Amino acid sequence: MTRHAVVIAGGGPTGLMLAGELALAGVDVAIAERRASQDLAGSRARGLHSRTIEVLDQRGIAGRFVAEGQVYPRASFVIPLDISDFPSRHPYTLGLSQAHFERILAGWAGELGVPVYRGRELTGFAQDEAGVDVELSDGQCLRADYLVGCDGGRSLVRKAAGIEFPGWDPSVSSLIAEVEMSEEPPWGIRYDDKGTQAMGRLEDGTRVGLVVSERYAGQAGEPTLGDLRKALIAAWGTDYGVHSPTWISRFTDMTRQAASYRKGRVLLAGDAAHVHYPVGGQGLQIGVQDAVNLGWKLAQVVNGTSPESLLDTYHAEQHPVAARMLRATMALTALTRSDARIDALRDTMSDLLGMDGPRKRYAAMMTGLDIHYDLGEGHPLLGRRMPDLDLVTASGPLRVYTLLHDARPLLLNLGAPGGVDITPWADRVRLVDADYAGSWELPVLGVVTAPAAVLIRPDGHVAWAGGPAGPADPAHPGLPDALATWFGPPAGA
Ligand SMILES: Cc1cc2nc3c(=O)[nH]c(=O)nc-3n(C[C@H](O)[C@H](O)[C@H](O)COP(=O)(O)OP(=O)(O)OC[C@H]3O[C@@H](n4cnc5c(N)ncnc54)[C@H](O)[C@@H]3O)c2cc1C
């Protein structure tokens, strides 16, 4: 039986990101992926929001995605919002299709040496106290310390682990397709009493990518060209001579979230842990964030740096993030229809979001820039994402995110050089003395007091922020506890 420390079921956006994070930390990780190649049938996500681009920047790979995408200074959550004034190096939406996103991310995971069992499906598993036996569709068995289900909304891992998936049944249904049409359709997006209708030219310039709403009546199974014709006629009064589909799929606004992100040695991330309507473009983003929150924690547990209880902070931190987004998406789903009352609601929302305060608060939530893990009382930075400051260090100017490329914990000392001693954690935490002269501006909160030192987790969130150390208290209160909580006991303890 082949052994890996971690087996990931599913090599979509979440599985690839998680595999990269684990490989960076030196963990023996492998992906089992049903698809024979990374090619993606049809279109799903169309772009990246600010925090997702920042997360990629923390690993030094954002440029690869930006180079192939289209930068828009706005984010559109049914109502378009200007985000160009956000305190981020990436205050924009990056237009990039999921197929390109996955290809680039798979390239990165490949460079990090992640093996992929391609064209092989995970068909079952059994966990015991020491590990998990994983069965693949070709009969091969793998043994792992941990199994992570990144196998999408219909997750076999979630079902086989017996993890409940409570939430809301669908209320609307849409068909999405790539087709040819013998008549020219009206291009663009239309909201009507049935939902959202959209027509656009595909990259080849001749075929049509479309979304059309259908009446939800418990449809299951694969949609047909006949279903598409019916829905087009219901929405537009004609099917525009639709023919030669290369892809037809169906999605609904079913909204559900796993009751627990962990059961023993089995964890869930991405769509396997949460599903919702695609409006607002959030699924891929939360999946990537799940992966980056879980990756370093799982690596530390596998490497013996931290106790298994560290894994429970993954659910504690990321479950509320997705729960909030599910709620926001349900609200947006209502706005994707059109009648006199919904139009009035959309106009009211538009007016409110035209004001600076509501716009900043709402867009910071939808772009992931305001994510705040509850790590207790303290400096406003605590639990929030570290801003990408321009530092001056002994080795010259450096951005904070450059110091996170290798996904190691970082203690940034912005006070007197040599003023912080973390010798008992020096094997795990990098200490950098730096100067920073600018202001500390956070999304929504605005300018906050400059800390004298900051402990940054590999996912870019602040685990501790301290005031200046003085002669009476040279030790920075709370720092040893934070180091031990997040990065294991001191050496020699
Ligand atoms: C029409 C549409 C539009 C969307 N638009 C957006 C958008 O604009 N922005 C956004 O952020 N999100 C969007 N999404 C959501 C986004 O596509 C998903 O949230 C995202 O793909 C989730 O990534 P994942 O890796 O968690 O799951 P998936 O992408 O579903 O990947 C799961 C992987 O697991 C594999 N797999 C499944 N079962 C097994 C098994 N048993 N064994 C081995 N492999 C298995 C699959 O082949 C797949 O590669 C959209 C979705 C749809 C349907």
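Before we move on, is Pro166 more than 14 Å from the ligand (Cβ to nearest atom), of a type outside the set (D, E, K, R) and closer than 27 Å to Gln289 by Cβ?
It is true that Pro166 is more than 14 Å from the ligand (Cβ to nearest atom), of a type outside the set (D, E, K, R) and closer than 27 Å to Gln289 by Cβ.
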Would you mind telling me which numbered condition in (1) farther than 30 Å from Asp481 by Cβ; (2) modelled with pLDDT of 95 or more Trp296 fails? (1)
Please determine, by comparing only the residues of the stretch 194-219 that are among the β-branched types (Val, Ile, Thr) and open to solvent by less than 40 Å² (accessible area, probe 1.4 Å), which one is modelled with the lowest pLDDT. Thr196
Within the set of pairs 6+ apart or on separate chains, which have a first residue in the stretch 258-284 that is closer than 22 Å to Leu175 by Cα, a second that is among the aromatic types (Phe, Trp, Tyr) and assigned to a strand (DSSP E or B), and C-beta atoms under 7 Å apart? Pro278/Phe251; Gly280/Phe77
Which residue is surrounded by the fewest Cβ atoms within 10 Å (Cβ to Cβ), if the candidates are limited to the stretch 41-50 and must be out of contact with any helix residue (DSSP H, G or I) (no Cβ under 7 Å at 6 or more places or on another chain) and closer than 24 Å to Met365 by Cβ? Arg46
Within the stretch 342-383, count every residue that is outside any helix (DSSP H, G or I) and either within 30 Å of Leu479 (Cβ to Cβ) or open to solvent by 50 Å² or more (accessible area, probe 1.4 Å) (or both). 18
If we keep just the residues of the stretch 312-341 that are more than 24 Å from the chain's Cα centre (by Cα) and in contact (Cβ under 8 Å) with a residue 60 or more places away in the chain, which is surrounded by the fewest Cβ atoms within 10 Å (Cβ to Cβ)? Asp339
Which pairs have Cβ atoms under 7 Å, sit 6 or more apart or on different chains, and link a residue in the stretch 369-382 that is within 14 Å of Gln318 (Cα to Cα) to one that is exposed (fewer than 15 other Cβ atoms within 10 Å of the Cβ) and of a type in the set (Gly, Ala, Ser)? none
Among the candidates Ala130, Ala198, residue that is within 14 Å of the ligand (Cβ to nearest atom), without any contact (Cβ under 8 Å) to a residue 24 or more places away in the chain and among the aliphatic types (A, V, I, L, M): Ala198
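So that you can scan it fast, the table gives a plain yes or no per residue for (1) under 27 Å from Gln289 (Cβ atoms); (2) among the aliphatic types (A, V, I, L, M):
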{"position": "Gly415", "(1), (2)": "no, no"}
{"position": "Gly419", "(1), (2)": "no, no"}
{"position": "Ile422", "(1), (2)": "no, yes"}
{"position": "Ala426", "(1), (2)": "no, yes"}
{"position": "Val429", "(1), (2)": "yes, yes"}
{"position": "Tyr436", "(1), (2)": "yes, no"}
{"position": "Ser439", "(1), (2)": "yes, no"}
{"position": "Val447", "(1), (2)": "yes, yes"}
{"position": "Ala453", "(1), (2)": "yes, yes"}
Condition first: at pLDDT below 95, surrounded by fewer than 23 Cβ atoms within 10 Å (Cβ to Cβ) and hydroxyl-bearing (Ser, Thr, Tyr). Can you find one or more residues in the stretch 255-262 that meet it? no
3 or more residues surrounded by fewer than 19 Cβ atoms within 10 Å (Cβ to Cβ): qualifying strands (runs of 3 or more DSSP E) within the stretch 413-493: 430-435, 446-448
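The values are calculated or read from the model by the stated rules, or taken from the named source; none is laboratory data. Note that the structure is a prediction, hence the values are computed from the model and not measured. As a convention, Cβ positions derive from the backbone with ideal geometry for all residues, glycine included, and neighbour counts pool all protein chains shown. Heavy atoms of the whole protein, side chains included, go into the accessibility calculation; ligands, DNA and RNA do not. Shrake-Rupley method; radii C 1.70, N 1.55, O 1.52, S 1.80 Å.
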